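The values are calculated or read from the model by the stated rules, or taken from the named source; none is laboratory data. Just so we're clear, the structure is a prediction, and the values are computed from it rather than from any experiment. For neighbour counting, all protein chains shown are included, and Cβ atoms are generated from backbone atoms with ideal geometry for every residue, glycine included.
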Amino acid sequence: MKGSQSREQSERIYLDLPLLSPSRPDWAERAAGRLDIFLADHAVCEQQAALTALNLVAHYPEDDELVERMTGLAAEEVTHLRRVTTLMRRRGLRLMRRRPNPYVRGLRERVRSQAEPRLKIDRLVVGTLIEARSCERFSKLLEVIDTRDAEVADLLADLGPAERRHWVMFHRLAAREAEPVWFETHWREWLEYEDRLIAERGDSPRVHG
């Protein structure tokens, strides 16, 4: 089964992650126990990811590399959305409306500067952290769901590596815009902030719950 084959791949993903600490151990079990909520929330996250990518294109149309990468990302996120919604329809599950995401909101609230290129850097850093945490959580859930639900396991086996590509891409785009030493310090501050933020999460089976 594809999910089973991805376990070694998941270990490689964990080693690459920049995150300072893992999610709470009980989150994956909570999500596995309420896949209806997890899948519906994931569909919302895919919508938001596509919209965020296109929003970056709208803000920075002069950045050719960013435009190329973000339009490709938006197309990929829509493909993921269609895959999730197809799976949900087969199971008789309904999509949910957009709802507040405290984790994402918490990250965005830390974007304090409106001056460029600092604003651009922070927008891309926020994207990096969201994708990295999603990568970690999809991989954790795959470990739990692997032998319980082959269909969801196959989905997660694809999503984990995809999120890894995404966070690496966001990070590289952000790093282009700054002096390396300054960026490393800035990035570390963001990682520490994210670490405090995720420590408060885990009670909900949502993607960033």
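Structure data summary
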| quantity | calculated |
| --- | --- |
| Residue in segment 65-76 that is more than 19 Å from the chain's Cα centre (by Cα) and either among the charged types (D, E, K, R) or within 22 Å of ASP149 (Cα to Cα) (or both) present | yes |
| Failed criterion for PRO102 (all others in (1) touching a helix residue (DSSP H, G or I) at 6+ places or on another chain (Cβ under 7 Å); (2) within 13 Å of VAL207 (Cβ to Cβ) hold) | (1) |
| Residue match in segment 105-117 (condition: polar (S, T, N, Q), under 15 Å from ASN55 (Cβ atoms) and touching a Leu at 6+ places or on another chain (Cβ under 8 Å)) | no |
| Looking only at segment 83-94, and only at residues there that are outside any loop (DSSP other than H, G, I, E, B) and in contact with a helix residue (DSSP H, G or I) (Cβ under 9 Å, 6 or more places away or on another chain), the one that is surrounded by the most Cβ atoms within 10 Å (Cβ to Cβ) | VAL84 |
| Pair list, Cβ < 6 Å and 6+ apart or interchain, from segment 45-60 residues that are within 13 Å of VAL78 (Cβ to Cβ) to residues that are β-branched (Val, Ile, Thr) and part of a helix (DSSP H, G or I) | ALA50/VAL78 |
| Residue under evaluation LEU15, criteria (1) over 24 Å from GLU200 (Cβ atoms); (2) aliphatic (A, V, I, L, M); (3) at pLDDT 95 or above, criterion not met | (3) |
| Verdict on GLU68 being of a type in the set (Asp, Glu), surrounded by fewer than 17 Cβ atoms within 10 Å (Cβ to Cβ), free of Cβ contacts under 8 Å to residues at least 24 places away in the same chain and assigned to a helix (DSSP H, G or I) | yes |
| Some residue of segment 125-146 being of a type outside the set (A, V, I, L, M, F, W, C), more than 18 Å from LEU56 (Cβ to Cβ) and over 16 Å from the mean Cα position of the chain (by Cα) | yes |
| Failed criterion for THR79 (all others in (1) surrounded by fewer than 19 Cβ atoms within 10 Å (Cβ to Cβ); (2) within 23 Å of VAL125 (Cβ to Cβ); (3) polar (S, T, N, Q) hold) | (2) |
| Options ARG172, ARG176, ARG201; residue that is of a type in the set (D, E, K, R) and over 17 Å from the mean Cα position of the chain (by Cα) | ARG176 |
